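Report on the following structure.
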Amino acid sequence: MVRSLFSRTHWKKTAAALAAAALLISASPYSTAGYAAAVPKLDQIRVALFLDGKAGGGIPYVTLSAPQGLDIGLRTPSAVQALFSTAAGANTRFSLDQFAVLVLETSDFAQARLAADKLPADGQQQAVVWTRSKQGKTVYQVTFGTFPDVGTATAMQAKLSANPQLAGLIKPGSLPLVGPYRLSAGTFAAEADAVKQQAAAAQAGLTADVVLQADAAGKVSYAVWIGSEPTQQALTALQQQAAAVLPGVQLQPAAAAAPYVVRRTEAASAASATAHYVLGGAGAKLWAQPKDAAGVTVKERFERSYRGAIELSQQGDSLAVINEVPFESYVASVTGAEMGAGWPTEALKAQAVAARTYALKQGMKYQVANVTDSTLDQAYKGISSESADAIAAAAATQGELLADASGSLRRTIRPTPAE
C-alpha cells in the first residue's frame, strides 16, 4: 500500500529519495515517449467501497442520497438505461434479490419494530421492516438477512426459531422463508397500469410488487410480480392460490433472467417510509448518478460523499458498491486522506505522484474494481479529503508518474521514514 511516511522536518529528504528511486515521467496524458513500456491511462477509476480484500466482498444493503436527487438506471456495456429518479435529499435503499427469513407479519408497527430490534445485527445481516397493503389494510413484514441460497437461509431460520429474545413475539416453528421465485401478473408500458394491477393483487390478499425493466433500446416497462417464494414448489402452490382470487389474470412464473429492479417500501416509522429497490437478474448493474456536483452520499460508509457515480451489482454473495470517479479527483482525495491538509507543497506533490502511480499499477485488481477505498490499497475518503492543497498538488503533477529506466511503473513507493 502507499502510506504517508513524510514528516514536516524530513519532507525534502523524502522527495529526494523518491526522485533517486525512480524516473519521473511527465507527459500528457500519461505517455512514455522514448521508453520501451507503455504507461497505462485512466480517465475514470473504479473504487470498491466495502471490499475486504477478496473479489466478491461487499455488504447486504446500502443507502444512497444526493442533495438534488439521483438518476437511477440499469447499466449495460453500451449505455445506461434510465429507470427512475429519487427525490432531492431522500435516502434510497438498495439490496439484492436473495433469500430471507420472514420473522413476523403484523398490522402493529410497534410490534414489528420491537421484533426487528430484538434480532441480531452483525454488520452483515440486519432486520428490515417492510410496509405493504393487503385487503385495504397496512401490514408490516419483518424479514432478516439477505442469503445467497435456500440452505443458508434455512440455517438462519433454525437459529432464529430458537432465539429466546423472540419468545412471545413469534410462534415456534412459524418463521417461513422468502425468496426470489415469483409469478408475473402482467407487463405494462404505463406505470399507472402496473400500479393498478398491483393494487388489485394486494386487495386480494397477495404480496405484489411493481418491477422495473428496460429493453435493449432503453424502453422501460413495468411488471407486476406476485409472491416472494423460496422454492419452485412453493411457487406452484402460490399459483393455485393466486388463480383462485385473481380470476381472469394470466399468471406465469416471472422471467427473472434479465436484469430487473423490484420496487418496495421500507417502514422507517408508522408514519414515514423509505424507498427500497431490490436488484436481480443475471449480470445486473444499477447506476446511480447525482444530479449535481455535490456527489453521492453513502450512509453506511461514514456518510461520505463521492464524486462520479455509484455502481451496484452482485459479486459473490454480496452487494458490490463501486465508486466510478474521475481519476485525478481520486488522486486528490487520496493525497488528502493519506497526508491531510497543511503539509509542505513538495511533499503533497510527491504523495500525489505516488498515489497516481500506485493506482495505475493495479490494473483491475479486484475484477470489479481497480482498488479499494481502504489502506488495503490507498486511503480514499471521497470529497471530504479533497483539501485545497491536495487538489493543487494533484493538478500540479497531473500526468506525472514514477517508473524505472525501462518505463515500467513501480509497484510500491515507500519513502524514507522520519528519523
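The values are calculated or read from the model by the stated rules, or taken from the named source; none is laboratory data. The shown structure was predicted, so the numbers you read here are calculated from the model rather than taken from an experiment. Heads up, the Cβs are rebuilt from the backbone with ideal geometry, glycines too, and the neighbour counts pull from every protein chain shown.
Do we find that ALA256 is buried (at least 18 other Cβ atoms within 10 Å of the Cβ), in a helix (DSSP H, G or I) and in contact (Cβ under 8 Å) with a residue 12 or more places away in the chain in this structure? Talk me through it step by step, then tell me what you get.
On the way: buried (at least 18 other Cβ atoms within 10 Å of the Cβ): yes; in a helix (DSSP H, G or I): no; in contact (Cβ under 8 Å) with a residue 12 or more places away in the chain: yes.
So ALA256 does not fit the description; no.
Only a single item in (1) surrounded by 15 or more Cβ atoms within 10 Å (Cβ to Cβ); (2) without any contact (Cβ under 8 Å) to a residue 12 or more places away in the chain is not met by ALA158, and it is number (1).
Name the residues in the stretch 223-250 that are among the polar types (S, T, N, Q) and without any contact (Cβ under 8 Å) to a residue 40 or more places away in the chain, would you? Explain how you work it out, then say what you get.
Filtering the stretch 223-250 down to residues among the polar types (S, T, N, Q) leaves 228, 231-233, 236, 239-241, 250.
Matches in the stretch 223-250: GLN233, THR236, GLN240, GLN241.
Does the stretch 341-381 hold any residues that are assigned to a loop (DSSP other than H, G, I, E, B) and within 18 Å of ALA396 (Cβ to Cβ), and which are they?
Of the residues in the stretch 341-381, the ones assigned to a loop (DSSP other than H, G, I, E, B) are 341-344, 363-370, 373-381.
Listed by number, the residues that qualify are ALA341, GLY342, TRP343, PRO344.
Among the residues of the stretch 199-214, are any surrounded by fewer than 20 Cβ atoms within 10 Å (Cβ to Cβ) and without any contact (Cβ under 8 Å) to a residue 12 or more places away in the chain? For the stretch 199-214, residues surrounded by fewer than 20 Cβ atoms within 10 Å (Cβ to Cβ) and without any contact (Cβ under 8 Å) to a residue 12 or more places away in the chain: absent.
Among the residues making up the stretch 305-356, those that are crowded, with 24+ Cβ neighbours inside 10 Å and hydroxyl-bearing (Ser, Thr, Tyr) are TYR306, TYR330, SER333, THR335.
Evaluate the following for ALA158: is it at pLDDT 95 or above, under 30 Å from the mean Cα position of the chain (by Cα) and farther than 19 Å from ALA257 by Cα? Break it down stepwise before answering.
Values: at pLDDT 95 or above: no; under 30 Å from the mean Cα position of the chain (by Cα): yes; farther than 19 Å from ALA257 by Cα: yes.
Spelling it out, it is not the case that ALA158 is at pLDDT 95 or above, under 30 Å from the mean Cα position of the chain (by Cα) and farther than 19 Å from ALA257 by Cα.
Take the conditions (1) surrounded by 15 or more Cβ atoms within 10 Å (Cβ to Cβ); (2) in the same structural domain as ALA243 (by TED's automatic domain parsing); (3) out of contact with any Phe, Trp or Tyr (no Cβ under 8 Å at 6 or more places or on another chain); (4) over 24 Å from GLN233 (Cβ atoms); ALA192 misses just one of them, which is (1). Among the residues of the stretch 337-359, at least one is closer than 18 Å to ILE322 by Cα and modelled with pLDDT of 95 or more.
Filter the stretch 274-304 for residues that are among the β-branched types (Val, Ile, Thr) and farther than 15 Å from GLU324 by Cα and give the result.
Start the filter on the stretch 274-304 by keeping residues that are among the β-branched types (Val, Ile, Thr), which leaves 274, 278, 296-298.
THR274, VAL278 - these are the residues of the stretch 274-304 that are among the β-branched types (Val, Ile, Thr) and farther than 15 Å from GLU324 by Cα.
Against the condition crowded, with 19+ Cβ neighbours inside 10 Å, modelled with pLDDT of 95 or more and under 30 Å from THR146 (Cα atoms), how does ALA393 come out, does it pass? No, not satisfied. Which residues, counting only those in the stretch 54-70, are buried (at least 17 other Cβ atoms within 10 Å of the Cβ), modelled with pLDDT of 95 or more and either of a type in the set (D, E, K, R) or in a loop (DSSP other than H, G, I, E, B) (or both)? Of everything in the stretch 54-70, those that are buried (at least 17 other Cβ atoms within 10 Å of the Cβ), modelled with pLDDT of 95 or more and either of a type in the set (D, E, K, R) or in a loop (DSSP other than H, G, I, E, B) (or both) turn out to be ALA66, GLY69. The residues on offer are THR152, THR146, THR138, and the sole one that is of a type in the set (Ser, Thr, Tyr) and exposed (fewer than 13 other Cβ atoms within 10 Å of the Cβ) is THR138. Would you confirm whether or not the stretch 271-290 contains a residue that is without any contact (Cβ under 8 Å) to a residue 40 or more places away in the chain and crowded, with 20+ Cβ neighbours inside 10 Å? No, every residue in the stretch 271-290 fails to be without any contact (Cβ under 8 Å) to a residue 40 or more places away in the chain and crowded, with 20+ Cβ neighbours inside 10 Å.
In the stretch 384-396, the residues that are touching a residue at least 60 places away in the same chain (Cβ under 8 Å) reach residues that are among the acidic types (Asp, Glu) and surrounded by 15 or more Cβ atoms within 10 Å (Cβ to Cβ) with C-beta atoms within less than 6 angstrom, at least six apart or across chains, in these pairs: ALA394/GLU328.
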